[in-house]
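Just below is one structure, and these are the notes that go with it.
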Amino acid sequence: MSDEINLSRLEPTLESHAYPAEREALTESFAGTTVLFADGDADLGDLLADVDQQTFESAADAVAALQNVLPIEALGEPGQSDGDA
């Protein structure tokens, strides 16, 4: 597995793990994997450790939970949205 992934590759990367999966197992499995954001990066293991959910039924479930702990840098420039013209 690569040590660096783009945010857009988060779900395919998490799919390499067997599910259902405990948060602790995912945290250990992906520690040291850097997620690259629009403006910055973070360790995937650390992000997973910050999630409140204890068990994930699928990679999509883990990605949904991660959305709540991603830093603002993951989303692009502050104050902009897809609806801005």
- Task: Working only within the range 1-18, note down all residues that are hydrophobic (A, V, I, L, M, F, W, C) and surrounded by fewer than 13 Cβ atoms within 10 Å (Cβ to Cβ).
- Result: MET1, ALA18
- Would you point out the residue of the range 46-76, among those that are in contact with a Pro (Cβ under 7 Å, 6 or more places away or on another chain) and closer than 12 Å to GLU24 by Cα, that is least open to solvent (accessible area, probe 1.4 Å)? PHE56
- Task: Among residues belonging to the range 19-45 that are of a type in the set (A, V, I, L, M) and in contact with a Gly (Cβ under 7 Å, 6 or more places away or on another chain), point out the one that is most open to solvent (accessible area, probe 1.4 Å).
- Result: ALA38
- Out of all the residues in the range 12-23, which are within 11 Å of PHE56 (Cβ to Cβ) and assigned to a helix (DSSP H, G or I)? LEU14, ARG23
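The values are calculated or read from the model by the stated rules, or taken from the named source; none is laboratory data. Remember, predicted model here, so these are calculated numbers, not experimental data. For neighbour counting, all protein chains shown are included, and Cβ atoms are generated from backbone atoms with ideal geometry for every residue, glycine included. SASA here: full protein model, heavy atoms, side chains in, ligands and nucleic acids out. Shrake-Rupley method; radii C 1.70, N 1.55, O 1.52, S 1.80 Å.
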